[in-house]
Every structure is written in C-alpha cells, then in structure tokens.
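Written out below as structure tokens is the structure these notes cover.
Read the figures in this text as sums done on the coordinates, not as results from a lab. All of these numbers come straight from a predicted model, not from anything done at the bench. Cβ placement follows ideal geometry from the backbone for every residue including glycine, while neighbour counts extend to all protein chains displayed.
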Amino acid sequence: MKTMKERMKLRMRKNRPMTVISLRMPEDVLDELKEIAPLLGYSGYQPLMRAYIGQGLRKDLSDLLSTPMDVIAENLRKQGVSEEVIAVVMADAQSTTVPTAAGDGVATSA
C-alpha cells in the first residue's frame, strides 16, 4: 500500500490520466452543482465534483492510514513546532517503554 506522501505526490501531477464514468445523480443536486461551480471558481460542475470526491477521499485515507503518532506530529506542526523537534520527539517516542495496565513496561516498536 502506498504511503500518504506517495499518494499526494501522484495527485499533484498536472496530467493524470482520466477515465470516463457514468454516475446516476438526482437532477436537483446536479442543478445545484452547476449553479455554484462558477461561484467557487470552477470552470464547470465536473471539476467541482472531482474536488468534492478528492476532499472526501483524502480525509478518509488520512483517517484510515494515520497512526496516533501521525496525528500528534500534525498537531505539533499546526502549533509551529519545527520539523527537527518533531523528528526528535517521534524517534524518542518510538523507542520508549510504555507502561501497560498490568504495570510492566512494553517497548514500542516502529
């Protein structure tokens, strides 16, 4: 399975291959997509649909593939903590002994 970084690198390419699909959708939803697409800066409803699908897909992949340590690292970045400090903390946490309910220590592994 590809890492999130590999997935994002592929998604950032300009000329990704496209496939034609058929999608059944309620008419009122399509009408609303056509109405708001130009207001949001999209050239049409199809690019807006791709954006919506991409956003949902990225969120689900992130939720499914993120570890608690990834979430902590991202929160540290949002707080302005440097990548150097985050790397040190992550390396330290991966080699730390975590107490269990039984009171004994279990070493974590990467």
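State to the nearest 20 debye the size of the charge dipole of the chain about its Cα centre, where the only charges are +1 on K and R beta carbons and -1 on D and E beta carbons.
My answer is approximately 660 debye.
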Which of the listed residues, Ala87, Leu65, Pro17, is farthest toward the dipole's positive end in the chain, when Lys, Arg count +1 and Asp, Glu count -1 at the beta-carbon?
-> Pro17
